[in-house]
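Here, each number is a calculation from the coordinates, and none is a lab measurement. Owing to the predicted nature of the structure, the values given are computational and were not obtained by experimental measurement. As a convention, Cβ positions derive from the backbone with ideal geometry for all residues, glycine included, and neighbour counts pool all protein chains shown.
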């Protein structure tokens, strides 16, 4: 009788825990039915998973002409527009101010944020790029050698400001500057 009760208890535990692990898998693996339908429907249209590693890299939405070229007409026009708007010093130039940046758009957004918030451009540039230049950043708050987003840099330099709104406004202004210079 004891063997029968022990056997029944083991069988009950086996069925209970076996059912839990089986139910976690779903009928054919979680999402397997959807994957089969999606791959069979899109294989002919080229939507299947590619084994080419170059296709795994996400391409940025910025175009290839987002680099600074002082001899181009676009950058000459942009330089003049920024000087007339008071974003660049009259004796400065765009290529010197934006040399640590990887994209022109980020540099323009930082220039606009600097003017809009009253924060020194060298402080924002150092925080956004993570590159320490020869410019004096001793008056900056919490200068770091790590790169950070523009809104975080604004918040670091002046916590009283609405950093996200200022960064968004500066980003839109930079986008408009690039469109105007085309």
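Classified by the C-alpha gyration tensor, the stretch 89-162 has a rounded form. Its axis ratio a/c, with a ≥ b ≥ c, is below 1.5. Segment residue 81..residue 96, full-extension length gain: 3.8 nm, with 0.36 nm per residue of separation and the alpha-carbon distance subtracted. Ranked by the mean number of other Cβ atoms within 10 Å of their residues, highest first, the peptides 155-161, 3-9, 103-109 fall in the order 103-109, 155-161, 3-9.
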